Amino acid sequence: MEPELAGFAALGARRLFLLGGIALILTGMFFGDIFAVFTLHQNAAQVGANLAAAAQAALAGNRQAMLASFQNVGAFLENRGTKVDTHVHMIDFGYLALMLAILQPWVAFAESAKRKLAWVFLTGAWLLPVGVYLIHYVGLAHSPMKSIGWASIAADFGGLLVLIVTFVCLLGLWKHFRGSFAGPPDRLLADRSAEGRMLFAGGIALVLLGFFHGTYYAATDLYRHEAQDYSLLTQMSAGAAAGAGAAVDEALAGYGQLQGAKAVNIAAHAHSIEFGLLAIMMAFFQPYVSLRASWKRWWAGVLLLGSLLLPVCVLLEMKFGLVAGGLADFAGLLIILALLAMWIGILLYTRELDASVRPTSGSGAPQ
C-alpha cells in the first residue's frame, strides 16, 4: 500500500491533476453540447443572414445598412468564437492535466512542491476559459487598457499560470532523467487489464482514423475548397459591383455550403484524434477506477462508441442535416456519461484508499 499511497496520496499532485483534469474535460464537453444545441446553429444562421443583408445593402448602395450588417456579423462571430474557445481550452487543459498526472512519478520534486504546482495549474486552467467566456459580455468596461478588457487580462493570467507549471514540470522531468532523483515505483504503466487494453487499442485506432481522414481530405478536397473560396468571393464582389443580385445570392449560397463542408471535415478529423487521445490516457488510470470489472468494460465500450459515432455523425451533417447533428450530440452525451462514471469510480477509489490508512494515522485511532 505504501508505494500506492506515495503515488496517489490525499490531495497529492497526481490525484489533483487526475480529478481536476477529468472535471475540466467533463465541463468543457457539457458546455460544448449545450452550445451546439442552443447556440451554434442559430448563430451560424444569423451570420449567414447578415452577410446576405450586407450584400443586398451593397447592391442598393446603402452604406449605413451594409456597415450595420457587418457589425452584426462581427458581434455574432465574437460570441461564437469565445464560446468555442471556452469549450476547447477546458478540454485541452484537461488533457494536459491527465498527461501531467501520468508523469508525476518522474517529476523530481518533493510531493509538497508538486501539490502546490497542481493547485496553481488548476487555478489557471479554470481562470482562462472563464475569462475567455466573459470577453464577449465584459468587453472594455472599466479596463485600464484601451484594447484589452478585464476578462482578457484574467484569461491571459490563467494561461501564464498553466504555462509556468508546465515548464516547471518539464524541468522536474529533466532533473529526473539526469539521474539525480529516484521516485517511487509506478504500477499504472504496467497495468494489463481488459478495459485498459480496450481503451488503449481503441484510442490508437481513433487517432489513426483521424489521421487518415485528415490526409484524405487534404489530398482530395482541401486545395479545391481553397480555390472555390477565392472564386466565390471574387464572384460575390463582381456581382455586387455589376449590380447583379442573382449572382450575389448564388455566390452567397455556395460560400455557405463551402464553409459548412470545410467545418465538418475539420471537426471530424480533430474530434477523432482528441477522443482517441482521451481513451489512451484514461486507459492508464483504470486501476484507480473502483467499479466492477464488467462495469469498467461497459463504460470503456461506451466511451469508444461515442468517440467513434460523434466524428462520423459530424461528417454526415452536410448530407443529413439535423438528424446527423442530433446523433452527434447524443454521441457526445455518451462520452460525458462514460467519463463521469470513471470519475465517480476514481472518487470511490480515493475514499477506499484514504479509509484504509485512517486507522493507522494516530495511536488513539479506533481499531
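Any read-out appearing in this document is the output of simple, stated calculations on the displayed coordinates, not a laboratory observation. Owing to the predicted nature of the structure, the values given are computational and were not obtained by experimental measurement. Every residue, glycine among them, receives a Cβ derived from its backbone with ideal geometry; neighbour counts consider all protein chains shown.
Before moving on, here are some points about what is shown:
- Estimated vicinal HN-Hα couplings, Hz - segment 159-171 in sequence order (Karplus 6.51, -1.76, 1.60; Gly, Pro = x): x, 5, 4, 4, 4, 5, 5, 4, 5, 5, 5, 5, 4
- With both labels modelled 7 Å from their Cα along Cα-to-Cβ, the Met318 to Ile164 distance reads 4.6 nm.
- Check: the chain dipole with +1 on Lys, Arg Cβ and -1 on Asp, Glu Cβ, in debye: 820 debye
- Environment charge at Ala118 (Cβ cut-off 12 Å; Lys +1, Arg +1, Asp -1, Glu -1): +4
- Principal axis box of segment 1-146, alpha-carbon based, largest edge first, Å: 78, 36, 20
- Length-normalised contact order for segment 1-135 - Cα pairs under 8 Å, 6+ apart - percent: 43 percent
- Anchor Lys114: lysines whose Cα lies under 26 Å away (excluding residues fewer than 8 positions away in-chain): Lys175
- Under 28 Å from Lys146, Cα to Cα: lysines that are on another chain or at least 8 residues apart: Lys83
- Two-decimal Rg to Rh for segment 73-128 - Kirkwood Rh, Cα set: 1.19
- Förster radius 25 Å - calculated FRET efficiency between Ala65 and Leu40 (Cβ-Cβ, nearest 0.05): 0.40
- Cα-based convex hull volume of segment 74-216 per residue, rounded to whole Å³: 172 Å³
- Ranked by how many other beta carbons lie within 10 Å on average, peptides 223-230, 155-162 from highest: 155-162, 223-230
- Normalised contact order of the chain, rounded percent, pairs of Cα under 8 Å and 6 or more residues apart: 19 percent
- Backbone phi angles across segment 52-69, fed through the Karplus curve with coefficients 6.51, -1.76 and 1.60 (θ = phi - 60°), yield HN-Hα couplings of 5, 5, 5, 5, 5, 5, 5, 4, 7, x, 8, 5, 5, 5, 5, 5, 5, 5 Hz in residue order; Gly and Pro are listed as x.
- For the pair segment 77-137 / segment 241-278, the C-alpha centres are spaced 30 Å from each other.
- Its convex hull of Cα atoms gives segment 36-75 a direction-averaged projected area, equal to a quarter of the hull surface, of 2.4 nm².
- Across segment 38-83, the mean sequence separation of Cα contacts (distance under 8 Å, 6 or more residues apart), normalised by length, yields a relative contact order of 43 percent.
- Compactness of segment 188-284 is given as radius of gyration and Dmax, 20.9, 70 Å, from Cα positions.
- Note that segment 78-83 has calculated 3J(HN,Hα) couplings of 5, 4, 5, x, 5, 5 Hz, one per residue in order, obtained from phi through the Karplus relation 6.51 cos²θ - 1.76 cosθ + 1.60 (θ = phi - 60°); glycine and proline are x.
- Charge dipole of the chain about the Cα centre (unit charges at C-beta), most positive-ward option of Ala300, Val84, Gly172: Gly172
- Only helices enter the 222 nm calculation for the chain: every DSSP H run of n ≥ 4 contributes -39,500 (n - 2.57), and dividing by all residues gives -28000 deg cm²/dmol, rounded to 500.
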